[in-house]
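Below is one structure, written out as structure tokens, with a few remarks after it.
The values are calculated or read from the model by the stated rules, or taken from the named source; none is laboratory data. What you see is a predicted model, and the numbers here were worked out from it, not measured in a lab. Neighbour counts run over all protein chains shown; Cβ positions are idealised from the backbone, glycine included.
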Amino acid sequence: MSSLYGLIGYPLTHSFSPAYFKKKFADQLIDAVYEPFPLTDIEQFPALHAAHPEFAGLNVTIPYKESIIPYLDGIDPVVSEIGAVNCICFKNGHTTGFNTDVVGFEMSLIPLLQSQHTDALVLGTGGSSKAVAYVLRQLGITYKFVSRIGKDGGLAYSDLNAEIINAHKLIINTTPLGMYPAIEAMAPIPFDAVGSQHLLYDLIYNPDETRFLQQGFLRGAAIKNGFEMLQLQAEAAWDIWSRYNSVPE
């Protein structure tokens, strides 16, 4: 029987992983299947698991990167610090959560960093923002979260002004604002304060350039979308699945 891999989240209509892994399996003659499993509620996960004892691995996407954790038998130490999972390994019915967003984000960010990128604004406070914040801590970059209400000591969008934007030369969007099909959406930050010393990074990859990135490009900022990060985190997930399933009992 082919090994079964897949993706849970909701919605999954335009998700990256199914097409990526199906092509990978076909190109490399890997005897495995990858399918999307849209869950309208994370409480459906135990039934999904029970229905597919052949699961070898799952990716986890919005909105379940945090809420999946109580349903797992174990988690990697990195997950313990981050509080978000995007990769699940299965072995003899036992589930373990990992986070490969950290690998994808770090490897795609480092080549872009310049000496002025010492302070960052992280737009959003969801599961992806936790991985981003973990990487920033590892790199010694200070950061502040930005959300609609500025919870947990972070900033609200209404707090942002030219001084704050100028003091944070790295701005990372971890929200779904601007993702296809709602491509006109954009985080409400004062873009007039963005300049050529800024780096704007958007975890979204569809469209290639969100309005967030377009506004940065128009003002001379360096920009980066999330496509490379997705590729790198997918390969990191495959490495984990391969190693996990090859360890003898």
Item to complete: Kindly establish whether Ile164 is modelled with pLDDT of 95 or more and crowded, with 19+ Cβ neighbours inside 10 Å.
Response: no
Discussion item. Looking only at the stretch 213-247, how many residues end up being farther than 17 Å from Leu203 by Cβ and in contact with a His (Cβ under 7 Å, 6 or more places away or on another chain)?
Written reply: 0
Item to complete: Could you list, in sequence order, all residues of the stretch 1-29 that are of a type outside the set (Lys, Arg) and without any contact (Cβ under 8 Å) to a residue 12 or more places away in the chain?
Response: Thr13, Ala19, Phe25, Ala26, Asp27, Gln28, Leu29
Discussion item. One residue is enough: does the stretch 72-89 have a residue meeting the conditions in contact (Cβ under 8 Å) with a residue 60 or more places away in the chain and within 13 Å of the chain's Cα centre (by Cα)?
Written reply: yes
Fill in: Checklist (1) within 22 Å of Val103 (Cα to Cα); (2) out of contact with any Ser or Thr (no Cβ under 9 Å at 6 or more places or on another chain) applied to Pro207, failing item
(1)
Worksheet item: Looking at Ala50, is it of a type in the set (Gly, Ala, Ser) and within 26 Å of Gly226 (Cβ to Cβ)?
Response: no
Worksheet entry | Hits in the stretch 214-242 (condition: in a helix (DSSP H, G or I) and of a type in the set (Gly, Ala, Ser)) | Gly216, Ala234, Ala236, Ala237, Ser242
Practice prompt. Quick one: Asn173 ticks every box in (1) modelled with pLDDT under 95; (2) out of contact with any Pro (no Cβ under 8 Å at 6 or more places or on another chain) except a single one, so which number is it?
Written response: (1)
Worksheet item: Quick one: is Ala182 surrounded by fewer than 22 Cβ atoms within 10 Å (Cβ to Cβ), free of Cβ contacts under 8 Å to residues at least 60 places away in the same chain and touching an Asp or Glu at 6+ places or on another chain (Cβ under 7 Å)?
Response: no
Worksheet item: If you go through the stretch 225-234 one residue at a time, do you hit one that is aromatic (Phe, Trp, Tyr) and either at pLDDT below 95 or touching a strand residue (DSSP E or B) at 6+ places or on another chain (Cβ under 8 Å) (or both)?
Response: no
Practice prompt. Might you check whether a residue that is touching a strand residue (DSSP E or B) at 6+ places or on another chain (Cβ under 7 Å) and free of Cβ contacts under 8 Å to residues at least 40 places away in the same chain occurs anywhere in the stretch 56-70?
Written response: yes
Discussion item. Show the residue pairs meeting these rules: Cβ distance below 7 Å; 6+ apart or different chains; first residue within the stretch 159-174 and among the small types (Gly, Ala, Ser); second residue not in a helix (DSSP H, G or I).
Written reply: Ala162/Pro190; Ala167/Asp119
